[in-house]
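Inspection log for the structure reproduced underneath, given as structure tokens.
Just so it is clear, none of the values below were taken in a lab; they were calculated from the coordinates. Note that this is a predicted model, so its numbers are computed, not measured. We place every Cβ from the backbone using ideal geometry, glycine too, and count neighbours over all the protein chains shown.
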Protein chains: 2
Amino acid sequence: MAERSDARPGEVATELPASHDAGVYFIGRIRTPFKSRAECPRNTAESDALGRVELDPRFAAGLEDLGLYSHVWLLYWMDRARRDLIRQVPAHLGRPRGTFALRSPVRPNPIALAAVELLGIDGATLRVRKVDCIDGTPLIDIKPYFASTDSFPDARRP
Amino acid sequence: MAERSDARPGEVATELPASHDAGVYFIGRIRTPFKSRAECPRNTAESDALGRVELDPRFAAGLEDLGLYSHVWLLYWMDRARRDLIRQVPAHLGRPRGTFALRSPVRPNPIALAAVELLGIDGATLRVRKVDCIDGTPLIDIKPYFASTDSFPDARRP
């Protein structure tokens, strides 16, 4: 599944550790209208797209009471991204920036974080709005969104 | 490292998949004043504690420009939690709730998500405020906080 892009000028790769330290399960898939990375919106703020989260039925009981929340976090695994670039030149920026100062899929652990609107739950499937990832992306977690811990409307960015 | 707690009445375990689907690297450690789970605040909103994020030096270049942000996400691996409970009875709730409707460490992929204030960066170390985890917790990612995608002050919860 690796879709390696060559490094651009200014990009720096690091040597990854020799082995993994822990393992993740893919617990479902995210269904979206986007068939390639080129079709994906840049992030959830630029998306109004409807999607579905198809959870492995063995975990369906884990959704109990999730419908009490208006928004949920999806954590998903960006399985097509290389993991060794530590300094990147994003197309929209045009100059290098550290990987941890970007929300790029390219990072040592390619985990994305997306807050989406929860529209409904049917069995082991969530209906959501504001999806931004490729159709079929592996899901690794669902969490309720807590404004008390997660919302910082005045957070500063460049 | 497994610190297994027995299931409480109303709790349900599921059979986990036979093998992992992907691997994570521990890219650093989070240093906090809390030596046990009992000492930890319930979440970052109830914490004013100072902490340090000690990144593996091989990834230090990844911090370039992160100081432009006031808040960052820490993703960390809760390596003492069991992974098979799909319905839990949190002490503060006193009745069962689905794992994905909780921010409990107990979940199929024990990844925690914490927005903290970024106070400064010294080499491969971040100084942060509002930490809530046990001292030494393995770090798996750092991301900049974007109010545009991450802040929903009116998100509804029960």
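A compact table of results
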| quantity | calculated |
| --- | --- |
| Region B:1-139, relative contact order in percent, only Cα pairs under 8 angstrom and at least six apart counted | 40 |
| Fraction of alpha-carbon pairs over 28 Å apart in the protein assembly as shown - percent | 36 |
| Relative exposure of A:K35, B:K143, B:K130, judged by other C-beta atoms within 10 Å (fewest first) | A:K35, B:K130, B:K143 |
| Projected-area mean, chain A, by convex hull of Cα positions, square nanometres | 10.6 |
| Inter-copy label distances at A:D122 (7 Å, Cα→Cβ; nm, one decimal) | 5.6 |
| Within a Gaussian network of chain A (alpha carbon springs, distance under 10 Å), most fluctuating of A:T44, A:T32, A:T14 | A:T14 |
| Global form of region A:7-72, assessed from the alpha-carbon gyration tensor, a/c cut-off 1.5 | oblate |
| Cα gyration tensor shape for region B:60-126, rounded if a/c is under 1.5, else prolate or oblate | prolate |
| Exam field: A:P17 pseudo-label spacings to other copies (7 Å along Cα-Cβ), nanometres | 2.1 |
| Farthest positive-ward along region A:25-158 dipole, Cα basis, beta-carbon charges - from A:F26, A:V89, A:A49 | A:V89 |
| Region A:83-158 versus region B:52-70: alpha-carbon centroid distance in Å | 18 |
| Total charge dipole magnitude, region A:1-157, about the Cα centre, Cβ charges on Lys, Arg, Asp, Glu only, Debye to nearest 20 | 580 |
| Nearest-first distances (nm) between copies at B:A45, label 7 Å from Cα via Cβ | 2.2 |
| Most mobile listed residue (A:D21, A:D141, A:D122) in chain A, GNM with C-alpha springs under 10 Å | A:D21 |
| Global form of region A:100-158, assessed from the alpha-carbon gyration tensor, a/c cut-off 1.5 | oblate |
